[in-house]
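Trainee: Submitted below is the structure of interest, expressed as structure tokens.
The values are calculated or read from the model by the stated rules, or taken from the named source; none is laboratory data. Remember, it's a predicted structure, so these values are computed and weren't measured experimentally. Glycine gets a Cβ as well: all are built from the backbone with ideal geometry, and neighbour counts include every protein chain shown. We work out accessible area using only protein heavy atoms, side chains counted, and drop any ligands, DNA or RNA first. Shrake-Rupley method; radii C 1.70, N 1.55, O 1.52, S 1.80 Å.
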Amino acid sequence: RKTPFVNKEYYHIFNRGVDKRKVFLNGDDFNRFLQSMDEFNSVTPIGSIYENSFNKKRLGHSMSKSGNRKKKDKLVNFVCYCINPNHYHFLLEQVVDSGIEKFMQRLGNGYTKFFNNKYLRSGSLFQGRYKSVHIDSNEYLLHLSIYINLNDKVHQLGHSMSKSSWGEYIGGNNYSFCDKDIILNQFNKTEDYEVFAN
């Protein structure tokens, strides 16, 4: 790759549907992709999500109460994400060697197989290999987090047509999929980040 992936560095990862087609057609598709983002982010390969559901039952579900894996078990840390009908954006920190490459391969292959089976199609779903950009400054990191968290506004999609980590950042709920500290610790309080973003 033109962009080498280095542990503890941050990257903007993005891709869209082949021929700009929609790759998320309804809420179930969005939810399956979100589930894939969680379950495929594991140092130990899980096989398919279907297979993993049986393993979790057998092992008594080794996930934490928040639904997240322990950091040491992850390939990447999500800082923020946005999923739109025909494309997605991630802000990721690589945790282990080749973590981004392994995670993205599992995510792309797993979701494509699900989508093709569901909609009786075959072939590539996404437009070639995902794109990646190294985040080389804190200013870039902060502004990219806003661009991704508020991507539905960027594209004027409306919140119902997009899923992002924005609610996790400013919603005040206990659920935590993203590792937000690198962003929110730069502000006195959450409301300051919200004002900065808007």
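Trainee: Taking 45 Å as R0, compute the FRET efficiency from the Cβ-Cβ separation of Lys189 and Asp136 and round it to 0.05.
Mentor: Working from the Cβ atoms, E equals 0.95.
Trainee: May I pose another question? Round to the nearest 10 and report in Å² the accessible area of Arg106, as given by a 1.4 Å probe over the protein chains' heavy atoms.
Mentor: Accessible surface of Arg106 is approximately 50 Å².
Trainee: Going down the table (Lys8/Lys102; Lys22/Lys163; Lys22/Lys118), which pairs top 19 Å between alpha carbons? Each step should come with its number before you reach the end.
Mentor: On the way: Lys8/Lys102 16 Å; Lys22/Lys163 14 Å; Lys22/Lys118 14 Å.
Among Lys8/Lys102; Lys22/Lys163; Lys22/Lys118, the Cα-Cα distance tops 19 Å for no pair.
Trainee: So, one more: Under 13 Å from the Cα of Lys113, which aspartates and glutamates turn up, not counting those fewer than eight places away in the same chain?
Mentor: Asp29
Trainee: Just the accessible area for His155, please: 1.4 Å probe, Å², rounded to the nearest 10?
Mentor: Per-residue accessible area (His155): approximately 80 Å².
Trainee: Taking a probe of 1.4 Å, how large is the accessible area per residue of region 74-146, in Å²?
Mentor: Numbers: 3010 Å² over 73 residues.
Computed with neighbouring chains in place, this is 41 Å² per residue.
Trainee: Can you list the chymotrypsin sites (Phe, Trp or Tyr not before Pro) in region 111-169 that are in a DSSP coil and have 13 or fewer other beta carbons within 10 angstrom? If you can, show how the numbers build up before the last one.
Mentor: Numbers: sites: Tyr111, Phe114, Phe115, Tyr119, Phe126, Tyr130, Tyr140, Tyr147, Trp166, Tyr169; in loops: Tyr119, Tyr130.
Hits after loop and neighbour filter: Tyr119.
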